[in-house]
Amino acid sequence: MPTQVDHQKRALRAELRERRQNLTTSERENASTGFTDNLIALATRRGATSIACYLSAPNEPNTRPFVNWALANGIRVLFPISREDGLLDWTVGETGSEVEGLYGMPEPVGELLGPIAINEVDLILVPAAAVSPDGMRMGWGRGYFDKTLGSMEKCPPVYAIVFDSEVRADVPFEKHDERVDGVVTPSRILDF
């Protein structure tokens, strides 16, 4: 039975999805430059030699230029691979190919390293629909990253990647939702 929080999340996700779809090409390009610059600054500041980061879909904050920078600079990148059981596998995507994974998300093709491979990274970059000013992350409703982060014994810093307008005070949450340590937007890096 859906709760009031479920309804609030569903409504907010729909609003945010529509806003993302309505961004102009120019707005997307400017945001992409800002995301890339701030992600590079974060990885550099953290001294990350290994990170976990998703491949962005067309309406998401563009992680691809940053991933290309990371790989060109010898940073090991683990990419999430969605599984039917609600867990995430990980790969380094050594083939350079992509496929459409579960729920239509882009995923690299490569050897599956298993769910615990993420325990080896220095920094985790996750998608989000919105993040509150105190670090409460609302995802897109499948729970993959909440399960992953909630099951980690020793979790490295986790940063959500969202557009500036998606850092907002009205983020609904439930007890299973996981907080993040910071957020990266086109204009800033926020540490919580």
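The values are calculated or read from the model by the stated rules, or taken from the named source; none is laboratory data. Bear in mind the structure is a predicted one, so any value in this text is a computation, not a measurement. Backbone-built Cβ (ideal geometry, glycine too); neighbour counts: all protein chains shown. Remember, those area values only see protein heavy atoms, side chains included, never the ligands or the DNA or RNA. Shrake-Rupley method; radii C 1.70, N 1.55, O 1.52, S 1.80 Å.
I'm trying to understand the selection: among the residues of the range 164-192, which are open to solvent by 30 Å² or more (accessible area, probe 1.4 Å), more than 16 Å from Arg13 (Cβ to Cβ) and of a type in the set (A, V, I, L, M, F, W, C)?
Hits for the range 164-192 are Ala169, Ile189, Leu190, Phe192.
For the range 41-71: of the residues being of a type in the set (A, V, I, L, M) and assigned to a loop (DSSP other than H, G, I, E, B), which is nearest to Leu112 (Cα to Cα)?
So the residue we want is Leu55.
Could you identify the single residue in Ala52, Ala11 that is closer than 24 Å to Gly104 by Cβ and open to solvent by 10 Å² or more (accessible area, probe 1.4 Å)?
None of the others qualify; the one that does is Ala11.
Surrounded by 13 or more Cβ atoms within 10 Å (Cβ to Cβ), more than 15 Å from the chain's Cα centre (by Cα) and in a loop (DSSP other than H, G, I, E, B): which single residue out of Gly110, Gly96, Gly74 fits that description?
Exactly one of Gly110, Gly96, Gly74 is surrounded by 13 or more Cβ atoms within 10 Å (Cβ to Cβ), more than 15 Å from the chain's Cα centre (by Cα) and in a loop (DSSP other than H, G, I, E, B), namely Gly110.
If you scan the range 113-132, which residues turn out to be in contact with a Phe, Trp or Tyr (Cβ under 6 Å, 6 or more places away or on another chain) and outside any helix (DSSP H, G or I)?
Leu113, Leu125, Val126, Pro127, Ala129
Name the residue that is most open to solvent (accessible area, probe 1.4 Å), counting only residues in the range 113-125 that are within 16 Å of the chain's Cα centre (by Cα) and either of a type outside the set (Val, Ile, Thr) or modelled with pLDDT of 95 or more (or both).
Here is the first cut: in the range 113-125, the residues within 16 Å of the chain's Cα centre (by Cα) are 118, 121-125.
Of the ones still in play, those that are also either of a type outside the set (Val, Ile, Thr) or modelled with pLDDT of 95 or more (or both) are 121-125.
Numbers: Val121: 10, Asp122: 56, Leu123: 1, Ile124: 1, Leu125: 3 Å².
This residue is Asp122.
Which condition number in (1) touching a strand residue (DSSP E or B) at 6+ places or on another chain (Cβ under 8 Å); (2) open to solvent by 40 Å² or more (accessible area, probe 1.4 Å); (3) of a type outside the set (Asp, Glu); (4) in a loop (DSSP other than H, G, I, E, B) is the one that Pro156 fails?
(2)
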